[in-house]
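The structure appears right after this line, and notes come after that.
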Amino acid sequence: MSTDNPDNGGRTDRWQSMVMGAFHLDEALDAKELPGDGSGAAPHALLYLDNLLEVFPSSMDPLEDFEGYAVRRMLLAMRRALVHQGGH
């Protein structure tokens with residue numbers, strides 16, 4: 001199953017979302033738009049991950065879309081690590 005087929009449930013859009021979100025996160029970090037509360041980049045990264053989790057929903061079936069499911073599992077693990085690190 002191709003992930004480049006735009007007629008396949010918007011699967012191309014999700015890759016564009018990942019790239020655009022990464023650019024926005026980089027820009028926020030470069031602009032030093034970091035909160036003064038010592039939390040660093042974590043809030044920006046968590047927002048990025050939360051947005052991506054909307055693009056890679058929990059309804060994703062690993063048998064039908066293993067790549068998307070793998071990305072979702074990675075996003076969840078990264079989000080958990082950031083939250084755990086920040087003590088939220």
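What about Glu54, is it modelled with pLDDT of 85 or more, open to solvent by 90 Å² or more (accessible area, probe 1.4 Å) and assigned to a loop (DSSP other than H, G, I, E, B)? Here the answer is no, as Glu54 does not meet what is asked.
When the residues of the range 32-51 are filtered to those that are open to solvent by 60 Å² or more (accessible area, probe 1.4 Å) and either modelled with pLDDT under 90 or out of contact with any helix residue (DSSP H, G or I) (no Cβ under 7 Å at 6 or more places or on another chain) (or both), the one that is nearest to Val71 (Cα to Cα) is Leu47. Restricting attention to the range 2-27, and to residues there that are at pLDDT below 90 and polar (S, T, N, Q), which single residue is nearest to Asn51 (Cα to Cα)? Looking at the filtered set, the residue picked out is Thr12.
The values are calculated or read from the model by the stated rules, or taken from the named source; none is laboratory data. The structure displayed is predicted, hence computed values, not measured ones. Because the Cβ atoms are built from the backbone with ideal geometry, glycine has one as well, and the counts that use them run over all protein chains shown. These accessible areas exclude ligands, DNA and RNA; they are computed on the full protein's heavy atoms, side chains included. Shrake-Rupley method; radii C 1.70, N 1.55, O 1.52, S 1.80 Å.
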